[in-house]
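Please read the structure below before turning to the comments.
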Amino acid sequence: MDFYKFSHLAIDKKPNKDSIIALFKITPQKGLKLEKVAEAVAAESSVGTWTQPKTLNKRIFDKLAAKVISINKKTNLVKIEYPIELFERKNICQFLSTIAGNVFSMKIVKSLRLEDVEFPEKYINGFLGPCFGLEGVRKIFGIYDRPIIGCIIKPKVGLSPQKTAEVAYKIWKNGVDLIKDDETLTDMKFCKFEKRVKEVIKVRKKVEKETGTRKVFVFNVTSPIDEAIKRAKLVKKYGGRCVMVDVVSMGFSALDYFRRQNLGLIIHGHRAGHSAFTRNKNHGISMLVLAKLLRLVGVDQLHTGTVVGKMEGKKEEVIRINEFLRGKFGKLKPVLPIASGGMHPGLVPKLMKILGRGLVINFGGGIHGHPKGSGPGAKAVYQAIEATMKKIPLKEYAKAHKELKEALDYWEN
Ligand code: CAP
Ligand code: MG
C-alpha cells in the first residue's frame, strides 16, 4: 500500500457520533503487519482497492474513507470507523456488502471476523424494528414474571396436520404456552400448510376456552418471499398470532419486505445455518452482529442459544446477545430471546441461573422424548419451571410431581 497517497490509519481519532464503528478480529497472512492489513480492510470496505485509483481525490477520500481508529496487537482486534455517508438508510443488504463484503475474501487476511458493530441512533431509527417485541409478546400471553414455555413439534417432519393438532392439544393442555413448527417443515405432501393451520387453530381455540389461558402456535412460513407472505396471510385469516422465518435461509431482503407488510403477526426468528459464519472464532460474522441486524429489520423473538443444551454457544456470548436484545437500541423495541436446543426439565435451573426469566425456553426432544409421552412431558417441563421459580431443587419437587420425577430419572441418571 506504499503507493497510497492517502492513509486510512487514524489511531486514537475520536469517532464522529454519527459514524458506524466496526470491530474486526484480523489475522494477517504470515509476514504481513497488522496495521497494513487493517488499513487494506478499511480501504476495500470504503473507497479503496488494491492500488490507488487516480479518480480518487482528496475530497472523496475525506468524506467517505473508513479509518482505522484502534489496533490491539495482543488480541488482533481492530476498530474501523465508517462515515455514515457510506450507507444507504434502511438498506441492510448494502450495509452487509460494505462492511461484511469483499473484505472476507482478501488474500492478505488469513482470517477475518466481524465481532461487533455500533450504529448511530439516526441509522437505527430509520428501521422499523420489532412490531410486538418482548413486551408485546408477553402481553399477548399475559405472562410477565416467568419464562414463556415453548415446545417444538417432533419429529421435526412427518406428522399429519391432524396428528400435529392432536399433539399440540395435549401439550397446551399440560401447561405449554407456545408451540412451534420445526425449521424444515413448510408445505409438505404429508402436512399441507393450510390444513395444518386450520387444524391447529381449531384446537388452540378449544384449549384456550378450556384453560382460560392464551396460547400461540408458530407456523413456519419459510419459503420464497411472495409465498411466505401468502402463507402468513392465511395464518392471519384463520386467527393465528405468530409465524416463523428461518432468517439465514430467507435473507435480509426478504425479511425486510416481510416485516414491512405489517401483517400484525409476531415474527419468530429461527437461525438455522447461522453457524456457517458465526461459529469460527477467527473468521466470519458473530451472532451478536446478526442479532443486531435482525433487531433492526424487526423480528420479535429470536433464537440465541441455551449454553447448557445441545448447540454450541459460550456463556458470555449468549448472555451478551440476550442483554443486547433486551436493552436499549435507539427507539426500537426490545426482542424476546429464545433458548432452544437439547433442553429437558433437568436443565431448567441451570439455564435460568445463567439466562434469567426474560425469555422463551423451548423443548422438543425434552417433551416428546419423555418416557410417558408428550402430555406428561409438557407437565414435567411446567413443573420444572414452577420449581425453579419457587427456588425449590428439582429433586425435592419431584417427590410430589411424578412427571418431573420420571423425566429426571430418564435424562439425569
Ligand atoms: C430444538 C430444535 C431447534 C434448535 C435450534 C432442533 O429441538 O428444534 O431447531 O434449538 O438451535 O431442531 O434442534 P430439541 P438454536 O429441543 O429437540 O433439541 O436455537 O441454537 O438456533
Ligand atoms: Mg428445530
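Things worth noting here:
- For the residues Gly239, Gly264, Gly212, the requirement of being assigned by TED's automatic domain parsing to the domain that holds Gly150, touching a Cys at 6+ places or on another chain (Cβ under 9 Å) and surrounded by fewer than 22 Cβ atoms within 10 Å (Cβ to Cβ) singles out Gly264.
- Qualifying residue in the range 374-389 (condition: in contact with a Cys (Cβ under 9 Å, 6 or more places away or on another chain) and within 15 Å of ligand 2 (Cβ to nearest atom)): no
- Qualifying residue in the range 250-273 (condition: within 12 Å of ligand 1 (Cβ to nearest atom) and in a helix (DSSP H, G or I)): no
- Filtered residues of the range 353-381 (kept if within 16 Å of ligand 1 (Cβ to nearest atom) and surrounded by fewer than 21 Cβ atoms within 10 Å (Cβ to Cβ)): Ile354, Gly365, His368, Gly369, Pro371, Gly373
- Scanning the range 274-289 for residues that are within 12 Å of ligand 1 (Cβ to nearest atom) and part of a loop (DSSP other than H, G, I, E, B) returns His274, Arg279.
- Of residues in the range 242-261 being within 16 Å of ligand 2 (Cβ to nearest atom) and among the aliphatic types (A, V, I, L, M), the one most open to solvent (accessible area, probe 1.4 Å): Val248
- Between Leu112, Leu128, Leu134, Leu96, the distinction of being closer than 30 Å to Gln301 by Cα, buried (at least 21 other Cβ atoms within 10 Å of the Cβ) and out of contact with any Ser or Thr (no Cβ under 6 Å at 6 or more places or on another chain) belongs to Leu112 only.
- Number of residues in the range 302-343 that are within 13 Å of ligand 2 (Cβ to nearest atom) and part of a helix (DSSP H, G or I) equals 0.
- Residues in the range 20-46 that are open to solvent by less than 10 Å² (accessible area, probe 1.4 Å) and β-branched (Val, Ile, Thr): Ile20, Ile26, Val37, Val41.
- For the range 201-219, the count of residues that are more than 23 Å from His370 (Cβ to Cβ) and within 16 Å of ligand 1 (Cβ to nearest atom) is at least one.
- A residue that is in contact (Cβ under 8 Å) with a residue 24 or more places away in the chain and within 16 Å of ligand 2 (Cβ to nearest atom) can be found somewhere in the range 344-354.
The values are calculated or read from the model by the stated rules, or taken from the named source; none is laboratory data. Everything numeric in this text was worked out from a predicted model, so none of it was measured. Here the Cβ is made from the backbone with ideal geometry for all residues, glycine too, and neighbour counts use every protein chain on show. Surface areas here come from the heavy atoms of the whole protein model, side chains and all, with no ligands, DNA or RNA. Shrake-Rupley method; radii C 1.70, N 1.55, O 1.52, S 1.80 Å.
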